Amino acid sequence: MFRNGAGNLDLSRWVVVPRIAKPRAAPDKHSMLASDLRNVLEELYKAGAYRVPADEVYWPRELHAAVFRALNMQYITRREGDGGRVEFSLTQAGYEAIDAEVPWSYILRRRLRDFFLFGKGR
């Protein structure tokens, strides 16, 4: 049979030893965000980040899929105002995705809204 030089049975060719996956380094946050999606968020940030009229932000046709992805991932919000005017805003997740500092006005507006909604018995 299969014996090594010492006369012992050698099963090393037949025994499968499972490989243990080595932990990988944590992925870089920027590599997790597709470049098109990042471009959409940065353009909105440069345009003012809060209630930016849709006609003030130029997103070429090839970035429209990234805009929808940003909406689905709740990085941005879309709001239709008076007269059908469409406005976009970055959410807290959107600010964090591009490593931008969340402005105090955003935090204050959110706290006040939560406070008044709580008072109405939500």
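Where a number appears in this text, it was derived from the coordinates with a stated rule and is not lab data. Just so it is clear, the model here is predicted, and its values are computed rather than measured. Positions of Cβ are generated from backbone atoms using ideal geometry, with glycine treated the same way; all protein chains shown enter the neighbour counts.
On the beta carbon distance between residue 69 and residue 102, with R0 = 25 Å, the FRET formula returns roughly 0.75. For the pair residue 59 and residue 114, a Förster radius of 22 Å applied to the C-beta separation gives a FRET efficiency near 0.10, rounded to the nearest 0.05. Kindly identify segment 47-97 as rounded, prolate or oblate by the Cα gyration tensor criterion: order the square roots of the eigenvalues as a ≥ b ≥ c, call it rounded if a/c is under 1.5, otherwise compare a/b with b/c, prolate if a/b is larger, else oblate. Oblate, since a/c reaches 1.5 and b/c is not below a/b.
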